Structure formats: C-alpha cells, structure tokens
1. Which of the residues spanning region 46-60 are in a strand (DSSP E or B), of a type outside the set (A, V, I, L, M) and over 10 Å from Gln11 (Cβ atoms)?
2. Pick out the one residue from Phe110, Phe90, Phe96, Phe71 that is within 24 Å of Ser7 (Cβ to Cβ), touching a strand residue (DSSP E or B) at 6+ places or on another chain (Cβ under 7 Å) and either surrounded by 15 or more Cβ atoms within 10 Å (Cβ to Cβ) or not basic (Lys, Arg) (or both).
3. Yes or no: Ala43 part of a strand (DSSP E or B), farther than 14 Å from Met121 by Cα, of a type in the set (Gly, Ala, Ser) and under 17 Å from the mean Cα position of the chain (by Cα)?
4. Can you tell me which residues in region 79-102 are within 13 Å of Met121 (Cα to Cα) and of a type in the set (Asp, Glu)?
5. Check Leu105, Leu120 and return the single one that is part of a strand (DSSP E or B), surrounded by fewer than 17 Cβ atoms within 10 Å (Cβ to Cβ) and touching a residue at least 12 places away in the same chain (Cβ under 8 Å).
6. Run Glu114 past the list (1) touching a residue at least 40 places away in the same chain (Cβ under 8 Å); (2) outside any strand (DSSP E or B); (3) more than 29 Å from Ser37 (Cβ to Cβ) and report the number of the one that doesn't hold.
7. Select from region 75-106 the residues that are under 16 Å from the mean Cα position of the chain (by Cα), among the small types (Gly, Ala, Ser) and more than 19 Å from Ala22 (Cα to Cα) and list them in ascending order.
8. Would you confirm, using the coordinates I've provided, whether Asp48 is in contact with a Lys or Arg (Cβ under 8 Å, 6 or more places away or on another chain) and charged (D, E, K, R)?
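Nothing in this text is a laboratory measurement; each read-out follows from the coordinates by a stated rule. Just so it is clear, the structure is predicted and the values come from calculations on it, not from any experiment. Cβ sites come from the backbone with ideal geometry, for glycine too, and all protein chains shown count toward neighbours.
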Amino acid sequence: MSDFGLSTIAQIAVNAHDIERATSFYRDQLGLKHLFSAPPNLAFFDCDGIRLMLTLPPKPEFDHHSSIIYFNVDNIQQATQTLSDRGVKFEEQPLFVANMGTYDLWIASFRDSEDNLMALMSNVPH
C-alpha cells in the first residue's frame with residue numbers, strides 16, 4: 001500500500017449562513033451549474049466534475065471561512081469583468097504573479113455572499 005496517494009478531489013464543502021443567498025450567488029453571479037438542493041440546508045454545484053457543496057456549519061467549531069477555492073479561467077480580464085457586471089465585488093483585480101516559462105500566472109480574488117475568499121487563476125500563454 002506504499003504507492004497509495006490521494007489525487008482526485010470529489011467534493012469541496014463551503015460554509016454558508018444563508019443557503020438561499022449563497023445558492024443564488026454561486027448559480028446566478030458565478031454561473032456555476034446547480035445540480036440539486038437537499039433539505040434542510042445543502043446545495044450542490046458542478047465544477048467540471050468536482051462537486052461544490054454549500055452547507056451550514058454543522059457544529060460551532062466548523063463555523064469559519066473556507067479555504068480559498070481557485071477557479072481556473074482562460075481569460076482572467078474577461079472573467080473578472082463578467083463577474084463584476086454580475087455584482088461580484090473583487091478584493092484584488094487581476095494581478096500578474098509569475099512568469100512560468102511558457103505562460104504567465106495571473107490571480108484575482110473576490111468574496112462570495114458568505115464572506116469566503118475565492119479566486120480566479122489564469123495561465124496566460126506567452
């Protein structure tokens with residue numbers, strides 16, 4: 001079993017305090033495909049094969065902001081403008097991070113409706 005290693009992410013849970021508000025944000029503003037909602041307080045989205053689950057924190061010790069989720073986009077300038085037009089408030093506009101040889105890495109960050117930090121990431125070819 002020494003060659004065992006985790007590699008594929010199946011699902012990411014993101015805390016929300018208002019599931020309806022968060023569902024609307026992820027579906028309508030970010031444009032993620034809403035898969036289904038499950039009572040009493042769950043909503044699921046498809047992120048190109050990875051499931052994103054919005055959930056109320058099940059216990060007080062889990063009531064904190066999520067890890068940063070980086071959404072890969074082809075054109076970070078266009079994606080930022082589209083999301084801004086939908087009312088998404090960016091904390092950091094597209095910013096060059098590093099020259100990776102064959103492409104430049106760019107990042108932009110925003111907060112979701114539940115105040116979780118999210119980001120866009122783009123590999124811009126030279």
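1. Answer for region 46-60, where residues must be in a strand (DSSP E or B), of a type outside the set (A, V, I, L, M) and over 10 Å from Gln11 (Cβ atoms): Asp46, Thr55.
2. Sole residue among the options that is within 24 Å of Ser7 (Cβ to Cβ), touching a strand residue (DSSP E or B) at 6+ places or on another chain (Cβ under 7 Å) and either surrounded by 15 or more Cβ atoms within 10 Å (Cβ to Cβ) or not basic (Lys, Arg) (or both): Phe71.
3. Judged against the criteria, Ala43 is a match.
4. Glu92
5. Testing whether each residue is part of a strand (DSSP E or B), surrounded by fewer than 17 Cβ atoms within 10 Å (Cβ to Cβ) and touching a residue at least 12 places away in the same chain (Cβ under 8 Å) leaves just Leu105.
6. (3)
7. The answer is Ala79, and nothing else.
8. no
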